[in-house]
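Please treat every number below as a calculation from the coordinates, not as lab data. Fair warning: this is a prediction, and the values are worked out from it, not measured in the lab. Cβ placement follows ideal geometry from the backbone for every residue including glycine, while neighbour counts extend to all protein chains displayed.
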Amino acid sequence: MDDLYREVIIEHYKNPAYRGKLDPHDITFADNNPLCGDHIQIDLRVGDNNIVTDARFDGHGCAISQASADLLIESIIGKPLDEVKKLNKQDVLDLLGIDLGPVRLKCALLSLKVLKAGVYGLGEASDDLVE
C-alpha cells in the first residue's frame, strides 16, 4: 500500500494541479523550512460565506513538501475558512498516506503551517499552528 501512496506523492510533485499564483487573491502567505530550504507560498480567493473558491501554491522543495501542498490545496477548495482553520497534522498525514520521520514531517507540514498563518491573518507562521 505504501508504494501506491508513494506514486501519488511523486505524481503530485511532478504534475501539481494547483501550482501557481492567484492575482488577485484575498489571502496570501509564504514561509520556508530553514532545515532543508523548502519554500511555500499559498494564495486563496474567498467568496460569499467565507468559502475558499480558489487556491494555489507556489514554491520549491522536496517531493514531500510540494506534494503535500498540492494535496492540501485540492482538499480546501469549496470549504469554509472555519473548516480550514480546524485542519491539523493528522489531516495532512492522511492525505499523504505514509509514515514520516521527524525531518520529513516538517517538510510535509510546511504547507499547513503557511495555510493556517494566512487564514488566521498572522504576521508570522508558527509550528504551533500544525498540531
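A few remarks follow.
- Nearest 10 degrees, 0 to 90: helix 2-14 Cα axis against the chain principal axis: 50
- Debye intensity ratio in log₁₀ form over the Cα atoms of the chain, taken at each q of 0.11, 0.20 Å⁻¹: -0.33, -1.13
- The mean sequence distance of close C-alpha pairs (under 8 Å, at least 6 residues apart), as a share of the length of the chain, puts its relative contact order at 26 percent.
- Structure-based [θ]222 nm, the chain - -39500 (n - 2.57) summed over DSSP H runs of at least 4, per residue, nearest 500: -13500 deg cm²/dmol
- Derived scalar couplings ³J(HN,Hα) [the stretch 26-38; Karplus, 6.51 cos²θ - 1.76 cosθ + 1.60; whole Hz; x for Gly, Pro]: 9, 9, 9, 7, 9, 7, 9, 9, x, 5, 10, x, 4
- Pairs from the list 21/113; 21/79; 21/89; 14/79; 86/106 with a Cα-Cα gap above 22 Å: 21/89; 14/79.
- Sum of side-chain charges, residue 69 neighbourhood, beta-carbon under 12 Å (Lys, Arg +1; Asp, Glu -1): -3
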